[in-house]
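Have a look at the structure below, then the notes.
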């Protein structure tokens, strides 16, 4: 029942997405709801949302390979591939936002390294390369039993036999060690990209890069918990124990993120003369109140928090908590990107010129959501193909006594 429903949902998303891509290629940005005064919209928010999912999933894979946590060992390849899929989704999202999509390669040939955006592109390139190589090396040991199989699985296994298993294991750990500071650099750099904009007091804070990193960890851990429950083929005791451990990690990260968000909101609101007060008012009591109170705080924080605290022995409830956090975290990214842009930097600017594209209000158009639907369908398809031809699902071999023993104590 689960697979037909997911397949139908994917077909709907893909059909909607194809229409959006056609409109984007034929009409450019004309159907988007943003304009000259609000140049960033849903696609930029989606980009930092997906890139956060990727960074969070990768950092959790680093915990597996560097920390050598036996109970989480089966999650390593899955976490790496999830990070790769969400990275692709992030890059496609921001690619559609570009004014000239097919000039994106120019930043590689003629970069301006005084620009934070140029640094982001080069860091993404390094991260993409590292993530791809590490994912391939993580497949070396699990594909060994497939050597005699026919079809794609056998072909992949035979291609990887040239790499000795011990060598692959050593390099996976080395790349994880290299990747941790790289992931922190590129996603903290995304926060720095916002934080260095002095004209926007809401963004211009040293806390912004830290909030981006903690948000990545929370959303990435939540996504991995939901995916783990969705794709795991056997509901045994090890599965339950691993789900509980993931939920405990997520609970700790969520509590820490709540503390940081409280600091982010409470300090400016305490100082009523702060320039950020108007933006916080727009988020909490203005036109975007529903996004903050209902989507983010209720669906994405309070309900998952309750599930994580009270449903420790119910994997489905824990997975629901992860899914709610992962899905609704887009609201956090929207609250970062959109509300600060809805306030004119020059008093009276909104009355100086009148045009449909010179407005200080914004809600994403259906066309913009169609592009996001395409990105989600694309990432889901890559993930589905990966799980079909790669050994991404955790091992169900009951012979691992150490893992089974550890599972009983979690």
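None of the figures in this text is laboratory data; all of them are computed from the coordinates on show. Small disclaimer: the values here were computed from a predicted structure and weren't measured. Note: ideal-geometry Cβ built from the backbone for every residue, glycine included; neighbour counts use all protein chains shown.
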* Order the peptides 36-44, 217-225 from the highest to the lowest mean number of other Cβ atoms within 10 Å of their residues. => 217-225, 36-44
* Tilt relative to the chain, helix 207-231 - C-alpha long axis, 0 to 90 degrees, to 10 -> 40 degrees
* Structure fact -> The alpha-carbon center of the range 315-360 and that of the range 48-76 are separated, in whole Å, by 28 Å
* Structure fact -> Computed over the chain: longest principal axis from alpha-carbon atoms vs helix 366-389 long axis, angle to nearest 10 degrees, is 10 degrees
* Asked: Which entry in [x] 28, 60, 12, 0; [y] 25, 57, 17, 1; [z] 31, 60, 8 matches P(r) over Cα pairs in 20 Å bins from 0, in percent derived from the coordinates of this structure?
  -> [y]
* Asked: With the Cα gyration tensor of the range 12-93 giving a ≥ b ≥ c as the square roots of its eigenvalues, does the rule (a/c under 1.5 for rounded; else a/b larger than b/c for prolate; else oblate) give rounded, prolate or oblate?
  -> prolate
* Against the longest alpha carbon principal axis of the chain, how many degrees, from 0 to 90 and to the nearest 10, is the axis of helix 2-27 turned? -> 40 degrees
* Rounded if a/c under 1.5, otherwise prolate or oblate - the range 9-159, Cα gyration tensor axes -> prolate
* For n ≥ 4 DSSP H runs only, could you compute -39500 (n - 2.57) per run for the chain, divide by its residues and tell me the 222 nm figure to the nearest 500? => -23000 deg cm²/dmol
* With the contact rule set at Cα under 8 Å and sequence spacing of 6 or more, what percent relative contact order holds for the chain? -> 31 percent
* **Cα gyration tensor category, rounded, prolate or oblate, for the range 206-343 with a/c compared to 1.5** => prolate
